Amino acid sequence: MQDTKKFSTARLSEINFIVIMIGVTFMIIGISSIFGITVINSMFVLAISLSGTFFVLADIVQYLSDTYSSNNSKVIKCLQFFKSISLALSILSLLTLPFLNIQVKNAEILATAFSIIAIGLTIINLSLNNKRMQNEILERVITGWEKSDEQTEKAIKQAEDANALVERVLDILEKEKLK
């Protein structure tokens, strides 16, 4: 039987690789459009902008779920549902919107607006992730201090015990000398 931990780690690495390659693909499309190799229309930009907005929103919702709702299962379920909907809309907009044969009035304006919204959400998300890292580091430092305090207290206790033992030995030796 295959080790579950190995399987999970390998599967997660594979999924991460797929996501990275999708990102690289978009970068190639963008760079190739600079040189006129590909043509990017406003519906494609709108699809990417909407997808990015929903994707980052899902990550922010996950942060909120992890950070603020550990005691309320209803809130967690609601946030997880919202995250799932956001991820679904991200994928659906990315994979369907560019291929729909419809004309969206003001597609360029919407694409620009959602691009700016996605950038704003990304900056907020970076800040929240930075906050999470700071909290984790602070927790480690506090835990380290607490362990250090415990070890210091143990060392002091051992030193006091050793001192008491030395004093008893010296008392015994002093009594032996007096005999």
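The values are calculated or read from the model by the stated rules, or taken from the named source; none is laboratory data. Remember, predicted model here, so these are calculated numbers, not experimental data. FYI the Cβ positions are ideal-geometry reconstructions off the backbone, even for glycines, and counts take in every protein chain you see. Heavy atoms of the whole protein, side chains included, go into the accessibility calculation; ligands, DNA and RNA do not. Shrake-Rupley method; radii C 1.70, N 1.55, O 1.52, S 1.80 Å.
The distance from the alpha carbon centre of the range 49-106 to that of the range 140-179 is 60 Å, rounded to a whole number. Against the criterion of solvent-accessible heavy-atom surface with a 1.4 angstrom probe, PHE99, PHE81 sort, most first, into PHE99, PHE81. Across ILE156, ILE40, ILE48, mean-square fluctuation computed from a Gaussian network of the chain (C-alpha pairs under 10 Å connected) peaks at ILE156. Once the Cα atoms are used to define both axes, helix 42-68 deviates from the longest principal axis of the chain by about 20 degrees. Protein heavy-atom surface of the range 66-122, 1.4 angstrom probe: 68% of the accessible area is carbon and sulfur, with nucleic acids and ligands not counted. Per residue, the accessible area of the chain comes to 79 Å², computed with a 1.4 Å probe over protein heavy atoms only. Between the labelled values [x] 483; [y] 253; [z] 122, the entry that holds volume of the Cα convex hull per residue in Å³ as derived from this structure is [y]. Comparing mean-square fluctuations of GLN158, GLN62, GLN134 from a GNM of the chain with C-alpha springs under 10 Å, the top value falls on GLN158. Across MET43, MET133, MET21, mean-square fluctuation computed from a Gaussian network of the chain (C-alpha pairs under 10 Å connected) peaks at MET21.
Could you order peptides 52-58, 105-111 by the average number of other Cβ atoms within 10 Å of their residues, highest first?
Details: 52-58: 21.9, 105-111: 14.1.
Sorting 52-58, 105-111 by mean packing, highest first, produces 52-58, 105-111.
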